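What follows is calculated from the coordinates using simple rules that are stated; it is not laboratory data. Predicted model, so just to flag it, every value in this text is computed and none were measured. Using ideal geometry, Cβ is built from the backbone for each residue, glycine included, and neighbour counts are taken over all protein chains shown.
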Amino acid sequence: MKIKILLILFAFVLQVQAQKYYTKSGITDFKASVDAFEAVEAINKSTTVIFNTESGEIASLLFINAFQFDIALMQEHFNENYMDSNKFPKATFKGKIHDFDVLSETFKSYKLKGVLNIKGVEKMIETEALLCKQDDKIILKGEFFVKPQDFNIKIPNIIRKKIAETITIKMNYELVKK
Amino acid sequence: MAIFLIVFFAIVGLVIINTIYKPHKSIQDREIKFSGTPVILIKEVNKDFTKWQDKAVQLTGKITSIDNLGFTLEDVVYCQTNTGTKLSQQKLNKTITIIGRVIGYDDLLEELKLDQTIIVN
């Protein structure tokens, strides 16, 4: 009987600890600019991120057509010609922050590993993520690099030189308790 | 003749520049493809999402939560504004009408996302 009560209590404590933090307006931006040519960069301000502080698991999702470019025509080409955003509307990431422990007010670096899915193509990503806790928020920052050809993104030869071979993707998320 | 050529190239140049640097399509320029409540729109979106992507919709519903960058209608549609102006908390639980652009169905949070939202009423 005592063991049963203990088990129930234990399960209850575990459930309380399994806390989730999330955002629906996280900022993800990418840069594919080459010096001396027009800047190729865009910002997405509606990235969804869910982070489980108990397991360190993280899942995120963004919509390709929510990337904002300074130049409208570039945005159009990005959606229609390169990303085919009608057919592949979203990009997702599922992974884990390794050795996640208690957060402090200063940024600490953690290993972030997971699977990135762009245009229906999956690729393993490994990078460093900076995390800290400010008031009730968890701030997550980081960047990683991808190559267009890894995700079946074809760039015509004419503009090949104007787009960087490696694209930098930056994450900047402010997560609140769910 | 020289003047004619200069004017000609200036016009061609302007046309090219205007094509390349044309302004972003604002929500007001778009045709509204749906008008109704969030719940009905979600049903339509779940039938065939591709039909609704990047389309302007008009929704009337109750504001169920407000955050720094937007608000949620009927717990199922998250609306972001472009300007980033925060809605006052007094609007909570009030019914409003908005126009926004469908960006996609978020299956992590199970809600539809709109951006470029403007409040009509």
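Determine the sum of side-chain charges near B:TYR21: Lys and Arg each +1, Asp and Glu each -1, restricted to other residues whose C-beta is under 13 angstrom from that of B:TYR21. Before the final figure, lay out the partial values.
On the way: positive: B:LYS22; negative: A:GLU38, A:ASP70, A:GLU76.
Here the count lands on -2.
Counting pairs of alpha carbon atoms under 8 Å apart in space and at least six apart in sequence, what relative contact order in percent does region B:27-119 give? Numbers along the way, then the final one.
Details: 205 pairs, mean separation 26.5, N = 93.
Contact order relative to length: 29 percent.
Tally Lys/Arg at +1 and Asp/Glu at -1 over every other residue whose Cβ is under 10 Å from the Cβ of A:MET74; what's the total?
Summing Lys and Arg as +1 and Asp and Glu as -1 gives -4.
No solvent, one uniform scatterer per C-alpha: report log10 I(q)/I(0) for region A:20-177 via the Debye equation at q = 0.09 1/Å, two decimals.
Log10 I(q)/I(0), no solvent term: -0.30.
Any aspartates and glutamates with Cα under 16 Å of the A:LYS137 Cα? List them, leaving off those in the same chain fewer than 8 positions away.
List returned: A:GLU54, A:ASP101, A:GLU105, A:GLU174, B:ASP67.
What is the ratio of the Cα radius of gyration of region A:91-144 to 2.2 N^0.38 Å, where N is its residue count, to two decimals?
Details: Rg = 12.5 Å, N = 54, 2.2 N^0.38 = 10.0 Å.
Here the Cα radius of gyration is 1.25 times the empirical estimate.
Just order A:171-178, B:27-34, A:131-138 by mean Cβ neighbour count inside 10 Å, highest at the front, would you? If you can, show how the numbers build up before the last one.
Values: A:171-178: 17.2, B:27-34: 12.4, A:131-138: 14.4.
Taking the mean over residues of other Cβ atoms within 10 Å, the ranking is A:171-178, A:131-138, B:27-34.
Tell me whether the protein assembly as shown comes out rounded, prolate or oblate; compute the Cα gyration tensor, take square roots of the eigenvalues as a ≥ b ≥ c, and use a/c under 1.5 as the rounded threshold. Write down the numbers at each step before the final one.
On the way: a/c = 2.32, a/b = 1.46, b/c = 1.60.
Verdict is oblate for the protein assembly as shown.
Given charges of +1 on the Cβ of Lys and Arg and -1 on the Cβ of Asp and Glu, with all other atoms neutral, how large is the dipole of region A:69-178 about its Cα centre, in debye to the nearest 20?
Values: 20 positive and 16 negative charges, 58 e Å.
Roughly 280 debye for region A:69-178.
Take the residue pairs A:LYS45/B:LYS43; B:LYS25/B:LYS86; A:LYS113/B:LYS113; A:LYS87/B:LYS94; A:LYS108/A:LYS154 and return only those whose Cα atoms are more than 29 Å apart.
Working: A:LYS45/B:LYS43 26 Å; B:LYS25/B:LYS86 23 Å; A:LYS113/B:LYS113 27 Å; A:LYS87/B:LYS94 36 Å; A:LYS108/A:LYS154 37 Å.
Too far apart for the 29 Å limit: A:LYS87/B:LYS94; A:LYS108/A:LYS154.
Compute the distance in nm between two label points, each set 7 Å from the Cα along the Cα-to-Cβ direction, one at B:THR60 and one at B:PHE9.
Going from the B:THR60 label point to the B:PHE9 one covers 5.9 nm.
With unit charges on the beta carbon (Lys/Arg positive, Asp/Glu negative), name the residue among A:THR23, A:PHE88, A:PHE69 whose Cα is farthest towards the positive pole of the charge dipole of region A:21-178.
With unit charges placed on the Cβ atoms, the residue in question is A:PHE88.
Between B:ASP67 and A:THR168, what's the calculated FRET efficiency when r is the beta-carbon distance and R0 is 35 Å? Round to 0.05. Show your work: numbers first, answer last.
Working: r = 28 Å, r/R0 = 0.80.
Given R0 = 35 Å and the Cβ-Cβ separation, E is 0.80.
For helix A:2-17, what angle does its Cα long axis make with the longest principal axis of chain A, in degrees from 0 to 90 and rounded to 10?
The angle comes out at about 30 degrees.
Could you tell me the calculated FRET efficiency between B:SER26 and A:LYS137, based on Cβ-Cβ distance and R0 = 35 angstrom, to the nearest 0.05? Can you show the working numbers first?
On the way: r = 32 Å, r/R0 = 0.92.
The pair B:SER26/A:LYS137 has a calculated efficiency of 0.65.
Can you tell me the 0 to 90 degree angle between the C-alpha axis of helix B:2-20 and the longest principal axis of chain B, rounded to 10?
20 degrees
By how many degrees, 0 to 90 and rounded to 10, does the Cα axis of helix B:38-47 deviate from the longest principal axis of chain B?
70 degrees
Send over the per residue convex hull volume for region B:1-89, Cα only, as a whole number of Å³.
Details: hull volume 12.1 nm³, N = 89.
Per-residue hull volume (Cα only) is 136 Å³.
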